[in-house]
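Before any comments, here is the structure.
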Amino acid sequence: MIKIIFINTLRRVRFAPSPTGPLHVGGLRTALFNYLFAKRTGGSFILRIEDTDKRREVAGAEKYIIDALNWCGIFPDERPGTKSAFGPYRQSERNHIYSEEIKKLIDSGHAYYAFDSEEELASCRSECEKRGETFIYNFESRLALKNSLSMSKGEVTGLLKEGKGHVVRFLVPKNKNINTVDVIRGESNINSGLLDDKVLMKADGTPTYHFANVVDDHLMKITHVIRGEEWLPSLAIHFLLYEAFGWKRPSFAHLPLILNPNGKGKLSKRSGEKGGFPVFPIRWEGETKLTGFKEYGILPAGLVNYLTTLGWSPKEGSGILSLEELTKMFQLKSVVSGGANFDLEKLKWFNHKHIQVASNEFLVDKLQALNDSARKTEKKRLTNAVGMVKERANTVSELWELLKYLFLDPKEYDEKSLKKIKKDGLDKICSEIISLCENTDDPDSFVDSLKIWGDKNGFGAGQIMMTTRTILVGGLSGIDLQKIISFIGLEVVSKRVVAFSKMNI
Ligand code: GLU
């Protein structure tokens with residue numbers, strides 16, 4: 001028998017955020033799609049920190065990114081701190097690599113030194129503006145500027161020796177048709193005449209995004225670059241860079257944007273604030289404190305499940321899915337190119353479903369982490385209570401609102417409910433509840449006994465139940481009345497009725 005073995009190149013993907021602030025939910029979705037794609041075939045998910053622009057770096061951002069990913073159950077296989085031949089994983093620790101690699105492009109004539117000062121470039125720009133044109137540093141203008149293409153070799157060597165400030169620019173070929181391919185968007189064409197000679201190495205000797213990104217993707221053996229749509233305009237330059245180095249390109253996939261709920265523009269912090277929801281996974285403790293979905297009461301499984309539906313949909317009827325199940329189904333090629341509106345209600349729906357399948361113990365841990373009063377509540381009883389109310393909860397935080405009357409006496413009573421129960425005989429019902437609490441030895445049939453008494457004394461079951469509920473809960477909400485009474489016990493029932501009666505409502 002002949003055995004056919006398919007050898008699949010092991011997928012290596014990376015999530016490459018810049019540590020400029022907390023990770024936005026859009027970035028999290030990018031990380032998630034990368035992770036799902038890699039894990040489907042047992043590949044590697046790499047976290048690379050793109051911190052080449054030190055001025056934009058924000059303290060705590062890298063830690064936040066890692067914490068947020070971990071909270072979602074995403075643990076990078078390689079990340080800052082991992083010892084491997086592919087590291088280090090912070091670009092600021094890889095300068096020696098970029099210095100080596102840039103030499104290759106200069107030597108092969110694909111990159112050149114440029115000595116133009118900021119002022120000189122600014123004056124070129126304004127000259128062009130006066131003529132109604134836009135200044136582009138490219139094949140048309142470069143020979144009239146100060147660079148190693150327009151100057152003699154001796155001049156260039158002299159300037160470099162004396163330490164004259166310079167950048168290294170990419171020599172974008174003239175009039176070249178660049179045919180780019182994207183897994184999600186297919187092929188497109190762009191003429192190189194539209195591109196400028198991008199700076200690859202800055203005057204301070206550090207690389208720019210384009211250069212470091214391509215060099216690292218190559219050296220880290222990245223097979224698929226999956227990133228946000230906002231990076232699509234960089235694709236042509238990246239294609240040219242791979243070609244200039246003579247390197248095999250990875251596949252590229254640009255994910256659709258996550259849009260504001262009204263479909264207008266990229267999901268922003270401001271639209272979150274307006275709609276009363278966060279756009280970050282967990283709390284950000286930076287200068288401005290920001291709440292995350294975690295604090296809002298969303299479970300990581302709910303958020304992950306919902307985020308996968310933004311731009312991709314699992315097979316019909318697959319229902320609620322865990323990270324592990326999603327891993328088995330994810331298909332990069334079925335990601336769509338159109339932006340997806342963020343929909344809080346849909347997220348809550350997913351969260352609700354995940355709350356139903358979560359264990360009560362797990363939910364109590366989450367609830368106690370979020371809510372001070374819940375933290376002070378005895379765990380075992382809280383676990384039972386959570387089990388009784390969770391079918392009504394969309395978020396973990398709502399659990400407390402749904403069950404607090406099982407532990408705390410009502411501080412106030414809902415006006416509308418009071419109006420309904422303020423009828424002749426209210427005092428009589430209250431006295432009966434108090435006396436039944438003293439005389440019955442079966443708390444589990446309390447409501448039935450009360451109804452029988454009501455029947456004999458001219459009170460309908462509705463009135464009896466509404467009155468008891470309002471007094472015990474503070475309003476006409478809550479779980480089954482008999483369950484409430486059995487849970488809180490007759491002593492508490494009696495105490496609450498006495499307190500209510502004293503209030504002269
Ligand atoms: N550093 C870029 C970012 O902040 C990475 C873009 C890419 O994945 O190529 O998103």
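The values are calculated or read from the model by the stated rules, or taken from the named source; none is laboratory data. This is a predicted model, so every value here is computed, not measured. Using ideal geometry, Cβ is built from the backbone for each residue, glycine included, and neighbour counts are taken over all protein chains shown. These accessible areas exclude ligands, DNA and RNA; they are computed on the full protein's heavy atoms, side chains included. Shrake-Rupley method; radii C 1.70, N 1.55, O 1.52, S 1.80 Å.
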Restraint check, Lys248/Lys269; Lys39/Lys366; Lys348/Lys380; Lys348/Lys502, Cα-Cα greater than 31 Å: Lys248/Lys269; Lys348/Lys502
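What part of the accessible area of the stretch 301-449, given as a whole %, is carbon or sulfur when the probe is 1.4 angstrom? Could you put the intermediate results ahead of the total?
Working: 3750 of 7990 Å².
Using a 1.4 Å probe with all protein chains present, the stretch 301-449 comes out at 47 percent carbon and sulfur.
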Under the Karplus curve 6.51 cos²θ - 1.76 cosθ + 1.60, θ = phi - 60°, whole-Hz ³J(HN,Hα) for the stretch 143-157, x wherever Gly or Pro sits: 6, 8, 10, 8, 8, 6, 8, 8, 9, 6, 4, x, 4, 4, 4
Long-range amide H partners of Tyr89 with built H, under 5 Å: Gly81
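For n ≥ 4 DSSP H runs only, could you compute -39500 (n - 2.57) per run for the chain, divide by its residues and tell me the 222 nm figure to the nearest 500? Don't jump to the answer; show the numbers that get you there.
Working: 22 runs with 226 residues, N = 505.
Taken over the chain, the calculation gives -13500 deg cm²/dmol.
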Average Cα contact separation per residue, the stretch 358-505, under 8 Å, 6 or more apart, as relative contact order %: 25 percent
Between the stretch 139-195 and the stretch 410-440, the alpha-carbon center distance in angstrom: 83 Å
Where Phe330, Phe86 fall by accessible area, highest first, once all protein chains stay in place (1.4 Å): Phe86, Phe330
With DNA, RNA and ligands ignored, accessible area of Glu243 (1.4 Å probe; Å², nearest 10): 100 Å²
Sequence-distant residues sharing a close amide H with Ile178 (under 5 Å, placed H): Ile190, Asn191, Ser192
Restricting the stretch 294-342 to trypsin sites (Lys or Arg not before Pro) in coil, as DSSP defines it, with at most 16 other Cβ within 10 Å: Lys315
Loop sites in the stretch 77-181: GluC sites (Glu not before Pro), DSSP, at most 14 other Cβ within 10 Å: Glu133, Glu140, Glu162
Contact order normalised by residue count of the stretch 143-240, Cα under 8 Å, 6+ apart, percent: 24 percent
Rounded to 5, the percent of DSSP beta bridges in the chain classed as antiparallel: 55 percent
Percent RCO, i.e. relative contact order, over the chain, from Cα pairs under 8 Å lying at least 6 residues apart: 12 percent
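Can you put Thr288, Thr52 in order of accessible area, largest first, using a 1.4 Å probe? Don't skip to the answer; put the middle values down first.
On the way: Thr288 90, Thr52 25 Å².
So the residues, ranked largest to smallest area, are Thr288, Thr52.
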Built amide H within the under 5 Å cut-off of Ser44, gap 5+: Arg11, Arg12, Val13
Set of lysines with alpha-carbon distance to Lys161 below 21 Å, sequence-local pairs under 8 removed: Lys103, Lys104, Lys146, Lys153, Lys202
Convex hull per residue volume in Å³, alpha carbons only, for the chain: 234 Å³
Vicinal HN-Hα couplings computed from phi for the stretch 342-351 (Karplus, 6.51 cos²θ - 1.76 cosθ + 1.60; Hz; Gly/Pro x): 6, 10, 4, 5, 5, 4, 5, 4, 4, 5
Percent accessible area from carbon and sulfur atoms, the stretch 158-236, protein chains only, probe 1.4 Å: 54 percent
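Semi-axes of the equivalent ellipsoid for the stretch 77-211, please: Cα gyration tensor eigenvalues, times 5, square-rooted, ordered largest first, whole Å.
Working: eigenvalues 165, 109, 40 Å².
Ellipsoid semi-axes (Å, largest first): 29, 23, 14.
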Anchor Lys456: aspartates and glutamates whose Cα lies under 15 Å away (excluding residues fewer than 8 positions away in-chain): Glu432, Asp448
22 Å Cα-Cα threshold exceeded, pairs from Lys274/Lys346; Lys63/Lys353; Lys264/Lys346: Lys63/Lys353
Set of aspartates and glutamates near Lys266 by C-alpha distance (under 18 Å), chain-local residues within fewer than 8 positions excluded: Glu229, Glu230, Asp343
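Might you tell me the accessible area per residue for the chain, computed with a 1.4 Å probe and given in Å²? Please report the intermediate quantities before stating the final value.
Details: 25390 Å² over 505 residues.
Per residue, the chain has 50 Å² of solvent-accessible surface.
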Candidate residues Arg381, Arg11: accessible-area rank, largest first, probe 1.4 Å: Arg381, Arg11
Val389 accessible area, 1.4 Å probe, all protein chains in place, Å² to nearest 10: 0 Å²
